[in-house]
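The values are calculated or read from the model by the stated rules, or taken from the named source; none is laboratory data. Everything quoted here is computed from the prediction, not taken from an experiment. Positions of Cβ are backbone-derived with ideal geometry, glycine not excepted, and every protein chain shown enters the neighbour counts.
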Amino acid sequence: MKRRIFLRKFLACMVLFFWTPFLCGLLFWKMEVKKTPKWEQNTENIRDFQVVPKRLAGFKTWGKDEYEEFAKDFLYADGKLEKTSKSLPSLSWYRILLERETWEPYAVYYQKLLSGIKCFPVVSDKKEKEGISFEDSWGMSRSYGGKRLHEGTDLMPPKNQRDTFAVVSVCDGVVEKIGWLELGGYRIGIRSKTGTYFYYAHLSSYAEGMKQGKTVKAGDLLGYMGDSGYGKEGTVGKFPVHLHFGIYFTMGDKEFSVNPYPILKAMEKPLSTARFLCVKSMI
């Protein structure tokens, strides 16, 4: 009898010894998955979808159907919709309506966003052999100020010089925010007439008369590229001169960052200096 009890206890201990680490590891893994926001898990999928510039190349001629298809594809990439086989005619009307309610607000948003953009955010000098360059860095990790994701596109000038390359508004709108931010340096935020928020950061200086509440037109001078930020007000030189360009929209009580890269590629031909001089004379 004692031998049986001992054997049972021994087997129970062996089971606990071998299975406890496995069960703890499984529990920890589930906790980690829950801690990781879904939008962060899907960042790479969204970025891979959005980096195709030809997808947006003709957006100025899009109709309602094109915007809706774009919004649906974006949601598939983000994991908010599951792709359904086209060979399933039995799909209920309720499911179709449910999907439409999910993606239609995004289609409406993109229509508003893209229809408000009228020009490239940086003025180029045709005499320069190299123009403004930029890569798709939206969603990539950043470490200054804590672990975070890059919510924009960095436009690099051909020369690392402050106060040389003009930054202009891409849309008609109102100056909503202006001044110093530790991460963004001297920045300015423009709210378009369609509700999109355009963020311009790391400026070296502002255009004369630029202030909160000022109305601007697409092509109006906002300031000049710089290298301000990553410290107390006035900090410069922590990184090369460039413009950080961000796009945000609000849906309900949530704010979303949009990858500017494909939009910039679609609008890649910058304003010429001659065009800018005409605009500048009206400021």
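Considering each residue of region 213-233 in turn, at least one proves to be more than 18 Å from the chain's Cα centre (by Cα), surrounded by 23 or more Cβ atoms within 10 Å (Cβ to Cβ) and among the polar types (S, T, N, Q). Scanning region 175-195 for residues that are surrounded by 21 or more Cβ atoms within 10 Å (Cβ to Cβ) and either part of a loop (DSSP other than H, G, I, E, B) or on the phi < 0 side of the Ramachandran plot (or both) gives GLY184, TYR186, ARG187, ILE188, GLY189, ILE190, SER192. How about region 236-252: which of its residues are of a type in the set (A, V, I, L, M, F, W, C) and crowded, with 22+ Cβ neighbours inside 10 Å? If the condition is that a residue be of a type in the set (A, V, I, L, M, F, W, C) and crowded, with 22+ Cβ neighbours inside 10 Å, then VAL241, LEU243, PHE245, ILE247 are the ones that fit.
Scanning region 253-283 for residues that are loosely packed, with under 12 Cβ neighbours inside 10 Å and either part of a strand (DSSP E or B) or modelled with pLDDT of 75 or more (or both) turns up ASP253, LYS254, GLU255. Need the failing condition index for MET225 against (1) touching an Asp or Glu at 6+ places or on another chain (Cβ under 9 Å); (2) part of a loop (DSSP other than H, G, I, E, B), just the number. Of everything listed in (1) touching an Asp or Glu at 6+ places or on another chain (Cβ under 9 Å); (2) part of a loop (DSSP other than H, G, I, E, B), MET225 misses just condition (2).
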